[in-house]
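Notes to accompany the following structure.
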Amino acid sequence: MKAAAVPAGSQLATILVVDDDRLNRVALAELLQPDFRVLMARDGPSGLEILTREAVNLVLLDVSMPGMDGYDVLRAIRASDHTSNLPVIFITGMSDAADEERGLLLGAADFVHKPIHPAIVRARVMTHLRLARQRNELEALASLDGLTGIANRRCFDETMDRVARQTARSSDVMGIALFDVDHFKQYNDHYGHGAGDQALRNVAVTLNRFARRAGELAARYGGEEFALLLPGCSELEEVMNSFRQSIADARIPHERSETSDWLTVSGGGVVVPVVALAQSGDALALADQLLYRAKAGGRNRVMVQRA
Ligand SMILES: [Mg+2]
């Protein structure tokens, strides 16, 4: 039997309908149900509550509701980190251009007017789901390093900033490590850039194995420099040495290295209280200084400090 053609990302998109009018909710659910997973809320607060626990792809939001109106709900959606990019389509009975303008300024993606025309609602929903998916794909691409496929510097910096903003407990620490491939220029000169690229990929794949848990991140920080973010990790030195040893154990020949017969890495790391990360540039600068000292001290080693 021939398998059915399954579109990419075949899981049904989830749409949240927030409308105080029951008949409207039912009508929207009926027209969307075959193609989407539909959740419903009768007012703003319960709609926002659903957003905290469900992965919603798009919101159809009634403008006119008692208590918290659509504008208030949209403002709350935009203010929350994990829904700030969520597409929201306003449902409005008003044909007043000023209301539409206000909604668009607040970040509504589009409008549908009551009475509802099923074909128009479906078309707008499809369009904005597609746009959101494309944006997510672009964002994912923009945070990956093209050569190695692991996170890039931009992603690393953004992640570090986010952790600093989100983690409030003062007792939390963050381990930040920078690594550099030893004598990489000589490696490239001797073995060629193709081999150099492959060596960087090997280093990246190995480093990625040390960032397995939620919130941990391995990144290519630029050139032959790599970075590791380990929230809550106070055993940073052990982890860094374990990675350093893994690279040495991979025995990638490096005839031009003054350090070893094999490719090696040096690292500098800091363990900092998360509250101090507001000055994350300082933590990275310190890690960089320690990396420099590890290099000056003979390479194929790590230097770690608690800030
Ligand atoms: Mg209403």
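The values are calculated or read from the model by the stated rules, or taken from the named source; none is laboratory data. Source: prediction; values computed, not measured. Cβ sites come from the backbone with ideal geometry, for glycine too, and all protein chains shown count toward neighbours.
Has region 64-74 got at least one residue that is of a type in the set (V, I, T), in contact with a strand residue (DSSP E or B) (Cβ under 9 Å, 6 or more places away or on another chain) and free of Cβ contacts under 8 Å to residues at least 40 places away in the same chain?
There is no residue in region 64-74 that is of a type in the set (V, I, T), in contact with a strand residue (DSSP E or B) (Cβ under 9 Å, 6 or more places away or on another chain) and free of Cβ contacts under 8 Å to residues at least 40 places away in the same chain.
Can you tell me how many residues in region 70-82 are surrounded by fewer than 17 Cβ atoms within 10 Å (Cβ to Cβ) and within 17 Å of V18 (Cα to Cα)?
4
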Among the residues of region 291-307 satisfying the criterion of being buried (at least 21 other Cβ atoms within 10 Å of the Cβ) and aliphatic (A, V, I, L, M), which is farthest from R165 (Cα to Cα)? A294
Which of the residues belonging to region 183-228 are more than 21 Å from the chain's Cα centre (by Cα), under 18 Å from M240 (Cβ atoms) and in a loop (DSSP other than H, G, I, E, B)? E224
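Within region 13-26, work out how many residues are in contact (Cβ under 8 Å) with a residue 24 or more places away in the chain, within 15 Å of the ligand (Cβ to nearest atom) and either among the aliphatic types (A, V, I, L, M) or not assigned by TED's automatic domain parsing to the domain that holds Q134 (or both). Quick ask: steps written out before the conclusion?
Here is the first cut: in region 13-26, the ones in contact (Cβ under 8 Å) with a residue 24 or more places away in the chain are 13-21, 24.
Those still in the list that are within 15 Å of the ligand (Cβ to nearest atom) too: 17-21, 24.
Applying the additional criterion that residues be either among the aliphatic types (A, V, I, L, M) or not assigned by TED's automatic domain parsing to the domain that holds Q134 (or both) yields 17-18.
Going through region 13-26 one residue at a time, the tally reaches 2.
With the condition kept exactly as written, say whether any residue in region 27-45 is within 16 Å of the ligand (Cβ to nearest atom), basic (K, R), surrounded by fewer than 22 Cβ atoms within 10 Å (Cβ to Cβ) and at negative phi.
Filtering region 27-45 for residues within 16 Å of the ligand (Cβ to nearest atom) gives 27-29, 40-45.
Among the residues that remain, those that are also basic (K, R) are: 42.
With the extra rule that they be surrounded by fewer than 22 Cβ atoms within 10 Å (Cβ to Cβ), the set shrinks to 42.
With at negative phi added as a condition, the list becomes 42.
Checked region 27-45: at least one residue is within 16 Å of the ligand (Cβ to nearest atom), basic (K, R), surrounded by fewer than 22 Cβ atoms within 10 Å (Cβ to Cβ) and at negative phi.
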Test: T52 is within 15 Å of the ligand (Cβ to nearest atom) and hydroxyl-bearing (S, T, Y): no
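Scanning region 65-105 for residues that are in a helix (DSSP H, G or I), within 15 Å of the ligand (Cβ to nearest atom) and among the acidic types (D, E), which turns out farthest from I116 (Cα to Cα)?
Going through the qualifying residues, I end up with D72.
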